[in-house]
Structure formats: structure tokens, C-alpha cells
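Below: one structure, written as C-alpha cells.
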Amino acid sequence: MESANSIGSGAPPTSVSVPVAPNASSGTLGSHLARRLVEIGASDVFSVPGDFNLTLLDHLISEPQLNLIGCCNELNAGYAADGYARAKGVGACVVTFTVGGLSVLNAIAGAYSENLPVICIVGGPNSNDYGTNRILHHTIGLPDFTQELRCFQTVTCYQAIVNDLDDAHEQIDTAISTALKESKPVYISISCNLPGISHPTFARDPVPFFLAPKVSNQWGLEAAVEATANFLNNAVKPVIVGGPRLRVAKAQRAFVELADASGYPIAVMPSGKGLVPEHHPQFIGTYWGAVSSSFCGEIVESADAYVFVGPIFNDYSSVGYSLLVKKEKAVMVNVNRVTIGNGPSFGWVFMADFLTALAKRLKKNPTALENHHRIYVPPGLPLNYAKDEPLRVNVLFKHIQQMLSGNTAVIAETGDSWFNCQKLRLPENCGYEFQMQYGSIGWSVGATLGYAQATKDNKRIIACIGDGSFQVTAQDISTMIRCGQRNIIFLINNGGYTIEVEIHDGPYNVIKNWNYTGLVDAIHNGEGKCWTAKVRTEQELIEAIATANNEHEESLCFIEVLVHKDDTSKELLEWGSRVASANGRPPNPQ
């Protein structure tokens, strides 16, 4: 991820002037946008056609380096752009006005919560219709075209309404560069009659972006490092915990530098899994309060100083606000601010700069790591199964663990897969993604499509999806097949919304069972490469995995795993009761 958003990170141009040759193409708005998307790395664009964006899609298709991928619905197109951005550093989707825009809105909100630069492009009304009292289709029947814009204002960092060619170049470039600088989604609406029109501002190849790097306040950086080094060097058993904002800060390498220099044990918050190297000799597991990895929570919470790098503390990551950490013992390293205990706090100090500088000032202190080594007991294996005994979830994940390598990536859907996948030990270069902050069920289908498309040359995706979540977004299995993807999808069929059951049970958590393999076979319809299997025992699972890894290695493999409705991880049982308690707090006295 650290090299993904490298636009403009190279050396500045020299004083030698280089002539810019006119582009042989038409120099239209549409061609300019297409070339910009290719330039920033969004060479696959996820779309749903509609009459307001059809001309724009023509121009995107005509760009030879851009691949337009049609999705089954706008929500999945947005989720795919989210997944793509996780792998490539930026993603893009194209939908139509209002009916498409409001459908993709939920996915864009999720990307915003996860700090992902997604370029959401909407085909808008004809430029002549702005400022009139005309009522257009695809709207709510009022002569006001701003409804969609107002919805996007809260979930994007910049909005551009392109209905005039004179400022279209500036609007588009400002929107795209803002997405990259802020690492948030942006919204671009382009009037349907403009993409094919030439304009002098589009007559040449776009000059490449130069995004000036953000530089820390040197005085603030030095003061933050001095204060933090004094704080940590006086501690007896400090630890480091990595969080999800390591991604947006592009600070993974600096995090490892700090770990190597300090000798402290390193843990990861659940939402940061995949951003901290689990093959590192100082890695001790996931810190998640009461549902932490065995022996990890004890080491973190007994430390006399902890460095949280890029954390997000919400009700889910704090297990219903029950973490046993104390503010006065903590150094909080955020994207551009460092706070030590109850103070002081230093602003405009960027995470990567701070970690690298701090690494040079710390005394090596492996005390907490040695304590972990003394108390650590390796995790046990699931009990041996009897022949034809129904498959258990812990047995499933024992076999998924064995499938992982640097050539795989795990996508974990919202639900019990959060907890089971969290326990997987990731080999070096094994990818891992899930959506903990927003937690939108169904996210993983589209995200798998996008992530797999971005990594198609070097990774095979292993997606763990619950039956309830799959029912929300199942259609784009067909797009995976069309794209020739070779993902392995484990559909965990336990008859309902298990994560909701453990928070608050009710008949609404039971869903209609589908013949999931039959559905995927129908979607496959003999076109493309797809193989399905339904497994009920460990032996059937072993055989299915062997088939997926051998004769169907180049196919999309869909394995439906039937398990008992009450077969959950122990962590979900504990977490669910604590979150339920937090949700059920009575109103404060008036």
C-alpha cells in the first residue's frame, strides 16, 4: 500500500523545458478524464450504464489503457472501487444521475470511513437544463438537481459539478488531486452532453500531477520526539499497537523501523490487521480488549506505557468501551498529531516522520516481549473429528490457515468471519482486508471483485462470506466470472445473521435458506470458468480445497460450507454480550 499513491512523489522537474506534444486523440473532456484515471492508477473502472453517462462511457472505453467493468448494480460497483483502492491506492466507479448516485452512496460512505480515495463519477443532466424549471426523469420530481449533490457532501471530501467546459479541466483535476491528498472519496458530476466536445484546455496530454509531499513542522517534530523518547525510555515494559490509520499515513515501513529499534512487542488493533507484519519476531497478536489474541491483551494492558499508532477507538474495536487502557500511559500517534498521556500534544507532525525519528532516540527494551515469551502457550488445534461428523467452523479455519501464502489475500465479511479471520496468522505479503468501521453487510462481494481485479497478476483471493451478507450482493459473482477471476469463496451457511444473534436475538435474524451452489451454477450458465461444491464434513472440505488448488486453480471456486446455526467463535460470544450491554445503556438522568 505504501507505494500505491506515489503520484507526484518523484523528483521535481528540472529547469530543462520539455515540449509537450499535442495528443493525437480528440482532446475532449471524456478523453481527458480517461487519461487522468489511467495516470493515477485506476486502470479498471467499475460502472453501471444509464442514459446520463452513456456518452462518457464511450470515451472511457476508447482509452486503450483503461478497462471498463460493468457491474450488476451501483452498490457493488462502489464496493468494487473500494476493494480496488485498498490494493492500488485509488479506485473509480461511474454511475448515472440520482438513481445511480443514491444507490452507490452507501459504498462511498464506507470508503470515506476507511480513508480510501475513490473517484465517484456520475453522468449528470444536460448542461442546458441547469437553472431551468424543468423536471427530469431519475429525480424525485422537483426542478432541483441538487438532491444528489447534497447527499454526497457528507461522504466525500470534494464535489465537482461539471456543466461548463471552460472550468471542466480545473474541476476534474482539483477533484482527483484532492482525493489523493486527503485519501477520501470525491464526487464528480459531468453533464451528459459534454464528454464528446473538444475544448482548448483538453488539447494536449494532461501534465502529470505533482502532489507536494506534506512536511512536518520541524520544531514540532523535534519536540514530539524529545518528549516521547523521555516518556518511553523511563518506562519498564512498553508496547506498540498498530491501528488502521497506518494505511492513510503510509507509515507501515516506519512502524517496522520503530519496532526493530525499540525491541518492544508489537500488536495490532483488529481494524489494522494486514497493516502490521505478523511474521515479525516481535508480533504478539491482536489487541481487542476482552477478545484479544491469547496472551496479547494481558501484555498490552499490563504495560506501563503503550504507543498506539493510527488507532480508531469505537464501540466495536473497544468491545463496548471496555478496554483496560489508561490515557496517562498512552502515546497516541495520529496521522498528523502526537499526544503524550494527558498532554502535551504536537500538531502538524506526520506519522511516518515521527516514527522514523523516534526510532533513533529509543533505548532497546525487550522486557514486555520477554514477559510474553514466558507466559505464551501455543494455540491448540480443534478436537479430532469423528467420521462424517458435521463440519465445525474452527475446523474450517484450520484448513484456511493452511491455504495462506504471500500469493493470497483474505477478504473477511462483516459477521463471525471478523473473529475467525482475525485469528489467522498472515504469512509475509499475504493481504488482508475487512470493513470494521462501517461494517456494511454484503461489502465483501464487491470488494472481492475490486481487490481481485487490482491484484490479478500476483494474488488469489480467499473470501469468507456469511450467508446473510451474501444475499445482499450476490449478483456480482457473475462479474467475477466475466473478468476471469480465480477467487476462492467460502460461503458459510449457518442460516442467518449470527453476529446479530449474539448481540440481540430475534426471529428477524433467521433468513430464507438458498441453494447457494445452485444459484452460482445458474449465474455461471456454462460461460467462463467456475466450479462449485457443497461441503458438510471435514473430509469433503479437504477434497474441495484440493480441487480448488489443483484442477480448478484457474477457476472461480465457490465452496458452500454448511455448519450449525449456533457454531460461533468464542470471541463473538464475548464481544456480542459486551456490545449488547453498551447498546442497552439506559438514558442518563435528566
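Rolling a 1.4 Å probe over the protein heavy atoms leaves residue 245 with an accessible area of roughly 80 Å². Residues whose amide H falls under 5 Å from that of residue 530, counting only those 5 or more places apart or on a different chain, are 556, with hydrogens built in the peptide plane.
If contacts are Cα pairs under 8 angstrom and at least 6 residues apart, what is the relative contact order of segment 27-200 in percent? Please list the in-between numbers first.
Values: 374 pairs, mean separation 46.8, N = 174.
Computed over segment 27-200, the figure is 27 percent.
Just the protein heavy atoms count here, and of the accessible area of segment 251-406 at 1.4 Å, carbon and sulfur take up 55 percent. Rounded if a/c is under 1.5, else prolate if a/b is larger than b/c, else oblate: which is segment 393-489, with a ≥ b ≥ c the root eigenvalues of its Cα gyration tensor? Taking the square roots of the gyration eigenvalues as a ≥ b ≥ c, segment 393-489 is oblate.
Protein heavy-atom accessible surface, 1.4 Å probe, per residue over segment 391-574: 38 Å². Cα centroid separation, segment 343-371 to segment 115-175: 44 Å.
Its Cα centre serving as origin, the chain has a Cβ charge dipole (Lys and Arg +1, Asp and Glu -1) of approximately 1420 debye. Over segment 216-373, the Kirkwood radius and the radius of gyration, each from Cα atoms, give a ratio Rg/Rh of 0.92. Take segment 219-302 with all the other protein chains still there, run a 1.4 Å probe, and you get 31 Å² of accessible area per residue. What is the log10 of I(q)/I(0) for segment 310-423, computed with the Debye formula using one identical point scatterer on each Cα and no solvent, at q = 0.23 Å⁻¹? So the normalised log intensities work out to -1.26. Projecting the Cα atoms of 175, 238, 448 onto the dipole axis of the chain, where Lys and Arg carry +1 and Asp and Glu carry -1 at the beta carbon, places 238 farthest toward the positive end. Between (i) 91, 63, 55; (ii) 85, 62, 44; (iii) 71, 64, 60, which entry matches Cα extents along the principal axes in Å as derived from the coordinates of this structure? Label (iii) holds the value from this structure. Spin-label pair residue 582-residue 376: with each label point 7 Å from Cα along the Cα-Cβ axis, the two points sit 2.8 nm from one another. Can you find, among 438, 568, 330, the residue sitting farthest towards the positive end of the charge dipole of the chain, where Lys and Arg contribute +1 and Asp and Glu -1 at Cβ? Sorting the options by dipole projection puts first 330. Straight-line cross-link partners of residue 565 among the lysines, defined as a Cα under 16 Å from its Cα and at least 8 positions apart when in the same chain: 512. Here r is the Cβ-Cβ distance between residue 401 and residue 290 and R0 is 22 Å; the resulting FRET efficiency, rounded to 0.05, is 0.40.
Taken over the alpha carbons of segment 391-574 as equal point scatterers, the Debye sum produces base-10 log I(q)/I(0) values at 0.11, 0.16 Å⁻¹ of -0.42, -0.95. Placing one equal scatterer on every Cα of segment 27-200 and applying the Debye formula, the log10 ratio I(q)/I(0) at q = 0.14, 0.16 Å⁻¹ is -0.63, -0.84.
Computed with every protein chain present, the accessible area of residue 57 is close to 10 Å² [probe 1.4 Å].
The values are calculated or read from the model by the stated rules, or taken from the named source; none is laboratory data. Just so it is clear, the model here is predicted, and its values are computed rather than measured. Here Cβ is always computed from backbone atoms with ideal geometry, including for glycine, and neighbour counts include all displayed protein chains. In case anyone asks, the SASA skips ligands and DNA or RNA and just uses the protein heavy atoms, side chains included. Shrake-Rupley method; radii C 1.70, N 1.55, O 1.52, S 1.80 Å.
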